[in-house]
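**Q** One structure is given below, represented as structure tokens, and several questions about it will come after.
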Amino acid sequence: ELKKLAQAIEQSINIVFLTDIKGNIEYVNPMFEQITGWSKQEAVGQNPRILASGETTKAEYEELWNTILAGKTYRYTFKNKKKNGQYYWATAQIVPIKDERGEIIQFLAMQEDITEKKKAEDRAEYLAAYDELTGMYNRVRFMELMDKWIQGAQGGSKKSALLLIDIDEFKSINEIYGHNIGDEFLRHAAGLLKNSMEDVHRESVLTHLGGDEFAVFITDINGNDATNIAEVMRRQIEGLYFTPLTTRFTASIGIALYPEHGAAVRELLSRADVAMYRAKASGRNRCHLYQPKDHDLEKIHSRLKQKELIQDALNQDRFEPWFQPILDLKDNKIRHYEALARMRGKDGTILVPGAFIDTAEVFGLIGAID
């Protein structure tokens, strides 16, 4: 029976070690040696403090000892340290061992290495709030933080600004240099935006919304200061030199103010989006503060619907060429044709280019139509 028990402990996939009543190690199993890096000869006689990471509080240790000295099992999850200085996470329990008189003579500690599980949990928690590419807040967390600030500011006199930053012609980077270079460019742009906000010493929240779009929410700021900060960012992006790109890229920035242009997160994002499109329509590489006369809001939503219609037509092969003959008036003969794109709707109607070309150009779909 003893031999079977010993073999079970020796072959256990968990760390097992025994200590005396004072906490000095008397036995460790092979898994203890494998995971911690301490050999049996090195560990026996030592205190389990050799595994301490330094992050466990005094109160936690006091609770541990109070529990096991009272004859109860103590369960915990600790961050421990290996002999080489690396860390590992373990869920464990310490069981008091009693003699026939009921007195505690030893403690049995069993630990399960959950380092990989902990890493996966930490990564999932990180990705729930941060953008993996840039390290900035992701869209969901950014909107949560904006909403929290707005809720706290309602009814007061606090002001803020939302800057929506779009890299002009970013698609060409991916097309010419590949997505790896495109991602690296976005990381550089993200670092530049972070540094910009640190330089102006303003409380702010930054996010990578996805693709070539970034956003900055700046608190306690007026329209003039927000526009000045946007201009600084625009110039810095314009001056960003990044190998192996041989051309410089620019940014169009839309600005919306709280509460002047919107008292809710989505409203501000929508108005900043309108302002950004106005900056692009005005020639790109510029900043635009939202104006009530910017009646592009409905147009933007209309464009998004048009984009979906165009994408559906591409997927279902509903674009077709029409050929218009070109007549040579000298001999009244036709030798050439102009090829024209037409989009057939789901109901069979024909849509001429004026109904879709502008939207296709804005969303980068013109190449697919060609």
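The values are calculated or read from the model by the stated rules, or taken from the named source; none is laboratory data. These figures come from a predicted structure and were not determined experimentally. Cβ placement follows ideal geometry from the backbone for every residue including glycine, while neighbour counts extend to all protein chains displayed. Heads up: the accessible areas ignore ligands, DNA and RNA and are worked out on the full protein's heavy atoms, side chains in. Shrake-Rupley method; radii C 1.70, N 1.55, O 1.52, S 1.80 Å.
**Q** Which residues, taken from the stretch 112-169, are charged (D, E, K, R) and under 29 Å from Ser53 (Cβ atoms)? Talk me through it step by step, then tell me what you get.
**A** First, the residues of the stretch 112-169 that are charged (D, E, K, R): 112-113, 116-119, 121-123, 125, 131-132, 139, 141, 144, 147-148, 158-159, 166, 168-169.
Within the stretch 112-169, Glu112, Asp113, Glu116, Lys117, Lys118, Lys119, Glu121, Asp122, Arg123, Glu125, Glu132, Arg141 qualify.
**Q** Filter the stretch 256-283 down to residues that are over 21 Å from Gly156 (Cβ atoms) and β-branched (Val, Ile, Thr), then give me how many there are.
**A** Matching residues across the stretch 256-283 total 1.
**Q** Sticking with this one: If you scan the stretch 280-290, which residues turn out to be hydrophobic (A, V, I, L, M, F, W, C) and modelled with pLDDT under 90? Please lay out each step first, then the result.
**A** Taking the stretch 280-290 as the starting set, the residues that turn out to be hydrophobic (A, V, I, L, M, F, W, C) are 281, 287, 289.
Ala281, the sole residue that qualifies.
**Q** Output yes when any residue across the stretch 328-339 is surrounded by 14 or more Cβ atoms within 10 Å (Cβ to Cβ), modelled with pLDDT under 95 and of a type outside the set (Ser, Thr, Tyr), and no when none is.
**A** Within the stretch 328-339, none of the residues are surrounded by 14 or more Cβ atoms within 10 Å (Cβ to Cβ), modelled with pLDDT under 95 and of a type outside the set (Ser, Thr, Tyr).
**Q** Another question, if that's okay. Suppose we keep only residues that are within 20 Å of Gln324 (Cα to Cα) and modelled with pLDDT of 80 or more within the stretch 353-370. Which one would you say is surrounded by the fewest Cβ atoms within 10 Å (Cβ to Cβ)? Outline the logic, then answer.
**A** Initial filter on the stretch 353-370 (within 20 Å of Gln324 (Cα to Cα)): 353-357, 369-370.
Narrowing the set further to residues that are modelled with pLDDT of 80 or more leaves 353, 356-357, 369-370.
On the way: Pro353: 13, Phe356: 22, Ile357: 16, Ile369: 16, Asp370: 8.
Ranking the candidates gives Asp370 first.
**Q** If you don't mind, there's one more thing I want to ask. Which ones in the stretch 144-161 are open to solvent by 90 Å² or more (accessible area, probe 1.4 Å), closer than 15 Å to Ile221 by Cα and out of contact with any Pro (no Cβ under 9 Å at 6 or more places or on another chain)?
**A** At the first step, the residues of the stretch 144-161 found to be open to solvent by 90 Å² or more (accessible area, probe 1.4 Å) are 144, 148, 151, 154-155, 157-159.
Going one step further and asking which of them are closer than 15 Å to Ile221 by Cα, we end up with 157-159.
Of everything in the stretch 144-161, just one residue is open to solvent by 90 Å² or more (accessible area, probe 1.4 Å), closer than 15 Å to Ile221 by Cα and out of contact with any Pro (no Cβ under 9 Å at 6 or more places or on another chain), namely Ser157.
**Q** State whether the residues of the stretch 192-215 include one that is open to solvent by less than 10 Å² (accessible area, probe 1.4 Å), under 30 Å from Gln154 (Cβ atoms), among the hydroxyl-bearing types (Ser, Thr, Tyr) and part of a helix (DSSP H, G or I).
**A** yes
**Q** Okay, moving on. How many residues are modelled with pLDDT of 85 or more, of a type in the set (A, V, I, L, M) and under 28 Å from Thr246 (Cβ atoms) when one looks only at the stretch 164-203?
**A** Residues meeting the conditions: 9.
**Q** Residue pairs, Cβ under 8 Å, 6 or more apart or interchain, first in the stretch 62-90 and in contact (Cβ under 8 Å) with a residue 24 or more places away in the chain and open to solvent by less than 50 Å² (accessible area, probe 1.4 Å), second outside any loop (DSSP other than H, G, I, E, B) and of a type in the set (Gly, Ala, Ser). List them.
**A** As it stands, the answer is Phe78/Ala90; Phe78/Ala92; Asn80/Ala52; Asn80/Ala90, since those pairs meet every condition given.
**Q** Additional query: Against the conditions (1) open to solvent by 40 Å² or more (accessible area, probe 1.4 Å); (2) under 28 Å from the mean Cα position of the chain (by Cα), where does Ala129 fall short? Just the number, please.
**A** Going through (1) open to solvent by 40 Å² or more (accessible area, probe 1.4 Å); (2) under 28 Å from the mean Cα position of the chain (by Cα) one by one, Ala129 breaks only (1).
**Q** Considering only residues that are open to solvent by 10 Å² or more (accessible area, probe 1.4 Å) and touching a residue at least 60 places away in the same chain (Cβ under 8 Å), look in the stretch 162-191 and name the one that is nearest to Asn224 (Cα to Cα).
**A** First, pick out the residues of the stretch 162-191 that are open to solvent by 10 Å² or more (accessible area, probe 1.4 Å): 166, 169-172, 174-181, 183-184, 187-188, 191.
Subset that is touching a residue at least 60 places away in the same chain (Cβ under 8 Å): 166, 169-171, 177, 181.
Working: Asp166: 20, Glu169: 27, Phe170: 28, Lys171: 31, Tyr177: 38, Ile181: 35 Å.
By that ranking, first place goes to Asp166.
Quick grid of which residues meet (1) part of a helix (DSSP H, G or I); (2) in contact with a Cys (Cβ under 6 Å, 6 or more places away or on another chain); (3) β-branched (Val, Ile, Thr):
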position	(1), (2), (3)
Phe217	no, no, no
Ala226	yes, no, no
Ile229	yes, no, yes
Arg234	yes, yes, no
Arg248	no, no, no
Ala256	no, no, no
Glu260	no, no, no
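**Q** Now for a different question. Would the stretch 109-118 turn up any residue that is among the aliphatic types (A, V, I, L, M), surrounded by 13 or more Cβ atoms within 10 Å (Cβ to Cβ), touching a residue at least 60 places away in the same chain (Cβ under 8 Å) and within 30 Å of Phe217 (Cα to Cα)?
**A** Taking the stretch 109-118 first, the residues among the aliphatic types (A, V, I, L, M) are 109-110, 114.
Keeping just the survivors that are surrounded by 13 or more Cβ atoms within 10 Å (Cβ to Cβ) gives 109-110, 114.
Applying the additional criterion that residues be touching a residue at least 60 places away in the same chain (Cβ under 8 Å) yields 109-110.
Remaining after also requiring within 30 Å of Phe217 (Cα to Cα): none.
No - not one qualifying residue is present in the stretch 109-118.
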